[in-house]
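To keep things clear, I will list the structure first and then write my remarks on it.
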4 protein chains.
Amino acid sequence: VTIDLNADVGESFGRWRLGDDEGTLGVVTSANVACGFHAGDPATLVRTCRYAVDRGVAIGAQVGYRDLAGFGRRFIDVSPEDLAADVLYQLGALDGIARSVGGRVAYVKPHGALYNAVVHHEEQAAAVVGAVRAYAATPLPVVGLPGSVVLSRASSAGLPVVREGFADRAYAADGTLVPRSVPGAVLADPTVVADRAVRMVTAGTVTAISGESVAVEADSLCVHGDSPGAVGLAAAVRAALESAGVTVAAFAP
Amino acid sequence: VTIDLNADVGESFGRWRLGDDEGTLGVVTSANVACGFHAGDPATLVRTCRYAVDRGVAIGAQVGYRDLAGFGRRFIDVSPEDLAADVLYQLGALDGIARSVGGRVAYVKPHGALYNAVVHHEEQAAAVVGAVRAYAATPLPVVGLPGSVVLSRASSAGLPVVREGFADRAYAADGTLVPRSVPGAVLADPTVVADRAVRMVTAGTVTAISGESVAVEADSLCVHGDSPGAVGLAAAVRAALESAGVTVAAFAP
Amino acid sequence: VTIDLNADVGESFGRWRLGDDEGTLGVVTSANVACGFHAGDPATLVRTCRYAVDRGVAIGAQVGYRDLAGFGRRFIDVSPEDLAADVLYQLGALDGIARSVGGRVAYVKPHGALYNAVVHHEEQAAAVVGAVRAYAATPLPVVGLPGSVVLSRASSAGLPVVREGFADRAYAADGTLVPRSVPGAVLADPTVVADRAVRMVTAGTVTAISGESVAVEADSLCVHGDSPGAVGLAAAVRAALESAGVTVAAFAP
Amino acid sequence: VTIDLNADVGESFGRWRLGDDEGTLGVVTSANVACGFHAGDPATLVRTCRYAVDRGVAIGAQVGYRDLAGFGRRFIDVSPEDLAADVLYQLGALDGIARSVGGRVAYVKPHGALYNAVVHHEEQAAAVVGAVRAYAATPLPVVGLPGSVVLSRASSAGLPVVREGFADRAYAADGTLVPRSVPGAVLADPTVVADRAVRMVTAGTVTAISGESVAVEADSLCVHGDSPGAVGLAAAVRAALESAGVTVAAFAP
């Protein structure tokens, strides 16, 4: 059994530092690197890609809305034409930087409000997929929520799809994520989170907030690195997976 | 005898339109396309690259300072590390867009205040050259002022250099450009400008503002496209060159 | 009978020019001046406010989403707390500039997608009204669509409300505006538009796209100034109103 | 003997947090609040001004270059007309927010590279002073380096001037600051820094890096708050001053 661990990195901007990128890149196998529209000034991206290449971590383009003030967490009703161009621009910018340090963009994961929008929003999902298709000769995998519009459109367009699971988030009985605003939606106990990760990967199930066992098919687990504690949690997840005989490896070669 | 004609395009931004890109791309052989930092939203860049590819015009990355409000025309004392990363980011972004429509970035021309800075500024010139070197497996040519630091550093780094001439600008007796603030610094009469272009290309000389004949070695002539009149002037220059037996062709294949 | 004429001005940004502000300010009685978030660099705002003060035109703050690339025309799902702060910031910035040239912000009109959002969006409408209330000792009038949430909330909060009519837009039989995407939604014939303006102001009615006469109560008519033709249309509307004995004057002293 | 203590606050931006504003505002008497151009989103400014009003701390407008990516620390060769408009815009924006929570902008302190530029740069200094003069009916004090062009121009223009001293920075024998790049330029030992502050205020002298005693006339001492340790250092300075019988109070009522 093999699983990928992904986390967001490269989200500093100029004077402002965010997250422990070096710590995170010591744990994960895939790095969702910001592309400058929601976070990530170019010098930060150069440093982050260099760390990732040094550690053999796959580089993904974490494309987002053009919204530094909102960190890409606010839905923007951008037209499909503009969104596709924005995604192309971000993809190329990060890929150019990654290649300059010996790497390359190996996959795409929409960020924040765009990630949530393309679960349901047909036009924006199509724009993202169209941009990824147009970008590269070799189709790039797209990471998203299982059952999302973006993954079904990506699949139809011939792009590999990567279904994402969340070991530190509560699931509802129907397999969807419990909104963050609900008490208990986010789990912090490393032992609990690590156990859920192992069961999600080895048994394909998770215990819902209402107590039922729910099927979850995940090709990559999302962990967080925006605090030293988060890196510790991610490391606990990885250690538990490896102890259970799971191979932790990037989906993208 | 062969000469290239280059002009700035892709300098609209969202609702704001600037220049007659379609008209300009019908005249020139090399298009300096904005890269988003001083002008050029991504959807504009997609459209502009598509025009350029359709007309067989070479695409250059017109990299600039991160300064939309100042249109890249204000010197910014950015550190070499940040500037190199900014150039890499812009190069990759435009190249990704160009490739998505069947083209590619074929050369680099710094824009505005950065163009002027790298005539003399050693650190910023080195940063630009370093970024261009790091970007691509195949070295990209750099367009600049004859005698500038950026061209000498580019040459030392193994990059092809393209010396730029200005048929519509007055030259001083020492071969430098007369500042725009001096009366007579900018020429507008199509016949005069076209004649100067022909003489610059065929004889390698231009008449200075003080009357002397001055040597000017140019591999590319800069024309402008930011008004319908400017496109007419560019067309007059091209027609005069062709009538004089000069081949007008891009330096970058 | 008295009516106000308002138009958007100050929407240039740096190198990019938009609209004929001087022409427009020679016709209208109220100027919706951009505040920098969707358009309007500070130097443009200084010039625009100076024109408005010179011509005795009332200055309104045309507050919008923080979205230069989208010109404020894309809905952004910004939180009420952030939106209220964004509105306060824009109000203060424009008012400071207006006061430096002898004027002041005399009213508020949301711009573009924000204008449309606060027709229905309770939280964003409340945020805008809260910011206007918090800003000034003297309550500032709010311009909006008749029947909109923002006007009803403004009224409840003790702010004067200004109902806006559109002489160059088609109305549906229920009194709402026909979307721009529908053929015939925008009228361009100066005689037709001027006639509709006169009837709207003197009779309180307009002929709907389906032929019925519809009641429209307007305290201010919106005209446009983003092309020389638009200024001519605005002037035709003003001339027709004055010929019909209507006094054209600002609602805000 | 009375002295003011000032510090930079409000320098977070959206998701990115910087400094311990609440801790800092518990120690200083004057708060240099960012105005959005180098840092400080509007919601941060509302919160920061509310803290400052609650604690009775004077609010100053920390105006800077339009450069979020560079945090206002890079010289920009902006024209005097644009710079004056940028300063007016920032002043009005912060003042509007301050007034909405019961405060007001009581002084102006240029930030970062602008602070350094207006020590010598005549045109930019004049632009800053012109904007402050044009802004308010009551002249606002300007904080700057003793001997700087900006203070001399402010004084000539009838603005109160506030000379700033730095207890945690090394001085050269000629009374100028030792550049940060020189070893020993920044002092961190709370006892040493507090002693220097007391001597600077009570005796008007400081020991230069070369050993001599140098005269320093300061109306306000700058302390830092961008880390918990910095707040502790600021508190040590304040305690030492009060123990020495110095009254710590804002210069601006």
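The values are calculated or read from the model by the stated rules, or taken from the named source; none is laboratory data. On a predicted model such as this, the values are computed, not experimentally measured, just so you know. All Cβ positions, glycine included, derive from the backbone under ideal geometry; neighbour counts span all protein chains shown.
Just one of the listed residues (C:Gly245, C:Gly175) is touching a residue at least 12 places away in the same chain (Cβ under 8 Å) and within 29 Å of C:Ala52 (Cα to Cα), and it is C:Gly245. How many of the residues making up region A:81-100 are within 8 Å of another protein chain (Cβ to nearest Cβ) and under 12 Å from A:Leu45 (Cα atoms)? Going through region A:81-100 one residue at a time, the tally reaches 8. Any residue at all in region A:120-127 that is within 14 Å of chain B (Cβ to nearest Cβ) and without any contact (Cβ under 8 Å) to a residue 60 or more places away in the chain? Yes: region A:120-127 contains one or more residues that are within 14 Å of chain B (Cβ to nearest Cβ) and without any contact (Cβ under 8 Å) to a residue 60 or more places away in the chain. When C:Asp195 is tested against the conditions (1) under 17 Å from the mean Cα position of the chain (by Cα); (2) more than 25 Å from C:Leu18 (Cβ to Cβ); (3) outside any loop (DSSP other than H, G, I, E, B), the lone failure is (1). For C:Ala106, the conditions (1) more than 13 Å from chain D (Cβ to nearest Cβ); (2) under 24 Å from C:Arg17 (Cβ atoms); (3) in contact with a Leu (Cβ under 8 Å, 6 or more places away or on another chain) all hold with the exception of (2).
Listed conditions (1) modelled with pLDDT under 95; (2) within 20 Å of the chain's Cα centre (by Cα) are all met by C:Pro183, apart from (2).
When residues of region D:9-40 are filtered for being out of contact with any Leu (no Cβ under 9 Å at 6 or more places or on another chain) and within 21 Å of D:Ala113 (Cα to Cα), how many remain?
3
Among the residues here, B:Val33 does not qualify as farther than 30 Å from B:Leu241 by Cβ, in contact with a strand residue (DSSP E or B) (Cβ under 9 Å, 6 or more places away or on another chain) and β-branched (Val, Ile, Thr). Filtered by the rule that a residue be under 20 Å from C:Ala230 (Cα atoms), among the small types (Gly, Ala, Ser) and assigned to a loop (DSSP other than H, G, I, E, B), region C:164-183 gives C:Ala167, C:Ala170, C:Ser181.
Every residue, every condition in (1) surrounded by fewer than 24 Cβ atoms within 10 Å (Cβ to Cβ); (2) in contact with a Lys or Arg (Cβ under 9 Å, 6 or more places away or on another chain), yes or no:
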| position | (1), (2) |
| --- | --- |
| C:Glu81 | yes, no |
| C:Asp86 | no, yes |
| C:Tyr89 | no, no |
| C:Val101 | yes, yes |
| C:Val108 | no, no |
| C:Ala113 | yes, yes |
| C:His121 | yes, no |
| C:Ala125 | no, yes |
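Evaluate region D:214-228: report whether one residue or more is part of a loop (DSSP other than H, G, I, E, B), of a type in the set (D, E, K, R) and closer than 17 Å to D:Val9 by Cβ. The answer is yes, given that some residue of region D:214-228 is part of a loop (DSSP other than H, G, I, E, B), of a type in the set (D, E, K, R) and closer than 17 Å to D:Val9 by Cβ. Within region D:17-46, the residues that satisfy the criterion of being touching a residue at least 24 places away in the same chain (Cβ under 8 Å), over 15 Å from the mean Cα position of the chain (by Cα) and not in a loop (DSSP other than H, G, I, E, B) are D:Glu22, D:Gly23, D:Pro42, D:Thr44, D:Leu45, D:Val46.
Do we have B:Arg153 as farther than 25 Å from C:Arg15 by Cβ and of a type outside the set (Gly, Ala, Ser) here?
yes
Out of A:Ala239, A:Ala197, A:Ala157, one residue alone is under 27 Å from A:Val129 (Cα atoms) and modelled with pLDDT of 95 or more. It is A:Ala157. For C:Ser181, indicate whether it is touching a strand residue (DSSP E or B) at 6+ places or on another chain (Cβ under 7 Å) and without any contact (Cβ under 8 Å) to a residue 24 or more places away in the chain. Spelling it out, it is not the case that C:Ser181 is touching a strand residue (DSSP E or B) at 6+ places or on another chain (Cβ under 7 Å) and without any contact (Cβ under 8 Å) to a residue 24 or more places away in the chain.
Criterion applied to C:Phe71, C:Phe75 was being farther than 24 Å from D:Cys35 by Cα, more than 13 Å from chain D (Cβ to nearest Cβ) and among the aromatic types (Phe, Trp, Tyr), and the one residue passing it is C:Phe75. Looking across region A:153-179 at every residue that is among the hydroxyl-bearing types (Ser, Thr, Tyr) and more than 26 Å from A:Ile209 (Cβ to Cβ), the one that is surrounded by the fewest Cβ atoms within 10 Å (Cβ to Cβ) is identified as A:Ser156. Filtered by the rule that a residue be more than 14 Å from chain C (Cβ to nearest Cβ) and of a type in the set (Val, Ile, Thr), region D:128-152 gives D:Val142, D:Val143, D:Val149, D:Val150.
Filtering D:Tyr65, D:Tyr51 for residues that are more than 9 Å from chain C (Cβ to nearest Cβ), within 18 Å of the chain's Cα centre (by Cα) and not in a loop (DSSP other than H, G, I, E, B) leaves a single hit, D:Tyr51.
Taking first residues from region D:1-16 that are at positive phi and partners that are in a strand (DSSP E or B) and of a type outside the set (Phe, Trp, Tyr), the Cβ contacts under 6 Å between residues at least 6 apart in sequence or on separate chains come to D:Gly10/D:Val33; D:Gly10/D:Ala34.
One line per residue, one yes/no per condition, for (1) at pLDDT 95 or above; (2) more than 30 Å from B:Ala203 (Cα to Cα):
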site	(1), (2)
B:Asp8	yes, no
B:Gly19	no, yes
B:Leu25	yes, no
B:Val28	yes, no
B:Cys35	yes, yes
B:Thr44	yes, yes
